[in-house]
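Have a look at the structure below before the remarks.
The values are calculated or read from the model by the stated rules, or taken from the named source; none is laboratory data. It should be emphasised that the depicted structure is a prediction, and the values quoted were computed from it without experimental measurement. Reconstructed Cβ throughout: ideal geometry from the backbone, glycine too, with neighbour counts over all protein chains shown. What goes into the accessible areas is simple: the full protein's heavy atoms, side chains included, and nothing from ligands, DNA or RNA. Shrake-Rupley method; radii C 1.70, N 1.55, O 1.52, S 1.80 Å.
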Amino acid sequence: LMAMESWRDDILCQLYRAGRQDTEGEQIVLSYFSAVRQLNEDLAKELWDVVSCGLTLVKQDPSLFVAAIRIIEREEKIDQVALDGQNHHMFFPPGRPKNLRQMFFKVIEQSTATQFRARQTDTKGPGLANHLAALQNNILNDLKVVKHLMVQCCPPHYNILQTYILLHHSYLSGHLQDIISWDLEKSEIYTVLNWIRQIYHSPEMVDHPDLSPDVDITSPGPLISQGALEQLEDKYVNAIRVS
């Protein structure tokens, strides 16, 4: 793919320098190298399949994930060279910038959201406590994998551990907002309050010794707003009084 892009761009650059861009000759070149676009799409599909399975691959076969990262970084450098040239009114290759690094983080976000939705089962009634315990265990395990395995596969500027912290925090916050909007029983309210106040920021979860001190547990902010927390506490007090 790189060889084909290089040949295509060399010819197009010669046409550009000769003042023959936007001509029939350029269209002939683009038509001749039309397979480049399909190859790019095929490569992107393979890349994002690998990235979306990153948490599993870094445990089983990190070489695939590392190879994907190397391709992304190589393409980012080529993007930058093209953009620098454009700033100096030089030839700009078709299909640039590819912005693969930006797409990498988007795929990470999408795969985390999909995984989080798949874990949202048996959340009402007696299953709520078990559900929160399962979330605690799954999130902690994910973050351990990121810290101990995935971080080694990514360049430092990816800040991949903090990325996962923020993503899990965001989806967990939204999920808890949904839960506290339900008509909860007294025991369920206590379970949620205890989990938010005592579990999440404790050594049993994001402040776990395996994650500290690399995880900044303060930067994501509270799981739910102070106002929402106070309303939930008031609701619990009222439920106790009624009982």
The stretch 50-183: Kirkwood hydrodynamic radius (Cα pairs, Å) comes out at 17.0
Rounded to 0.05, the calculated FRET efficiency for the beta carbons of residue 159 and residue 124 at R₀ = 45 Å is 0.80
A chain fully extended from residue 138 to residue 10 at 0.36 nm per residue, minus the present Cα-Cα distance, gains in nm 41.1 nm
Mean 1/r over distinct Cα pairs of the chain, inverted to a Kirkwood Rh in Å, yields 21.4
Under 16 Å by backbone N from the virtual spin label 7 Å along Cα-to-Cβ at residue 181, the residues of the stretch 106-141 are 124
Nearest 10, in degrees from 0 to 90: the angle of helix 2-17 to the longest Cα principal axis of the chain is 60
Karplus ³J(HN,Hα) for the stretch 188-196 (6.51 cos²θ - 1.76 cosθ + 1.60, θ = phi - 60°; Hz, whole; x = Gly/Pro) runs 5, 4, 4, 4, 5, 4, 5, 5, 5
Given 153-166, 35-48, the highest-first ranking by average Cβ count within 10 Å works out to 153-166, 35-48
Flagged as over-length at 19 Å C-alpha distance, from 45/147; 77/98; 77/147; 124/144; 124/235, the pairs are 45/147; 77/147; 124/144
On the accessible surface of the chain, probed at 1.4 Å with all protein chains in place, carbon and sulfur together account for a percent value of 52
Around residue 241 (Cβ within 14 Å, Cβ-to-Cβ, excluding residue 241; K/R +1, D/E -1) the net charge comes to 0
Result for the stretch 43-173: accessible area per residue, probe 1.4 angstrom, in square angstrom, of 51
Restricting to aspartates and glutamates and to Cα separations under 16 Å from residue 186, and discarding same-chain partners fewer than 8 apart, the set is 230, 233, 234
Kirkwood radius from Cα pairs of the stretch 155-216 plugged into Stokes-Einstein at 10 °C, 1.306 mPa s, gives D in µm²/s equal to 120
Taking the alpha-carbon centre of each part, the distance from the stretch 34-82 to the stretch 87-155 in Å is 16
